[in-house]
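I'd like to ask some things about the structure below.
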Amino acid sequence: MSDDASTAANPDAHSAMDSRGMTLAGWAFQGMVVTLGLATGCLFIGVILGVIGSDDAPEGNPTLFVLIGVAALVFNTVLAFLVPAMLRSAAATRLKAAEGAVASARSWVQWPEREPMPMPLSRFCQADQTARLIGQAMLEGTAVINFVMMFLTRSPVNLMCAVVALVGVVAMFPTIGRMRTRIASVLEA
């Protein structure tokens, strides 16, 4: 049976193949690269907008723009932690239900970082990576919104909101230790 035919017969087969052979170090490295890319891209946007903006205060009342930036920060910060938590909860349920998960809990928590992981563990790391990227993307968008608002209003409040959002993106930086902790919290709960 060809790969396409087996994927059509079993839709989970394709996602299972995507994670095959991944290591804990590989998942962490991918997450680190994406985090650095999100943070540096956003930082460059902020610097460029800061440099090309005029020093003159805008005409009219900039309060609306400041409020939009603050509201975006509050709303997206909540979502940046709530949505990934829901995704991780579903992934944790699937990991606990995986065949052999309970018996393998201790070895899975201490899995060697450079060895290919068992499929249930790799799928959990894939879901964890997706959850983190969604949270980081929400905060990155918030930072960009606030950099644009700062460009329009020259408000230090918008600059502060952008910096807080960027700190949130970087705070989600994945490490092997953090990933092990997350795996342990799921399997030992």
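The values are calculated or read from the model by the stated rules, or taken from the named source; none is laboratory data. This structure is a prediction, so every number in the text was calculated from the model and none was measured. Because the Cβ atoms are built from the backbone with ideal geometry, glycine has one as well, and the counts that use them run over all protein chains shown. These accessible areas exclude ligands, DNA and RNA; they are computed on the full protein's heavy atoms, side chains included. Shrake-Rupley method; radii C 1.70, N 1.55, O 1.52, S 1.80 Å.
Output the number of the condition that PHE65 fails; it satisfies all remaining conditions of (1) under 23 Å from the mean Cα position of the chain (by Cα); (2) open to solvent by 70 Å² or more (accessible area, probe 1.4 Å); (3) aromatic (Phe, Trp, Tyr).
Against the list (1) under 23 Å from the mean Cα position of the chain (by Cα); (2) open to solvent by 70 Å² or more (accessible area, probe 1.4 Å); (3) aromatic (Phe, Trp, Tyr), PHE65 comes up short only on (1).
Follow-up. May I ask you to verify whether MET22 is within 25 Å of ARG132 (Cα to Cα) and either at pLDDT 50 or above or surrounded by 16 or more Cβ atoms within 10 Å (Cβ to Cβ) (or both)?
In short, yes.
In addition: Looking at the stretch 157-181, I want the residues that are under 30 Å from TRP108 (Cβ atoms) and have a partner that is open to solvent by 60 Å² or more (accessible area, probe 1.4 Å) and charged (D, E, K, R) with Cβ atoms under 7 Å, at least 6 apart or on another chain. Which pairs are those?
Close Cβ pairs (under 7 Å, with a partner that is open to solvent by 60 Å² or more (accessible area, probe 1.4 Å) and charged (D, E, K, R)) amount to ILE176/GLU113.
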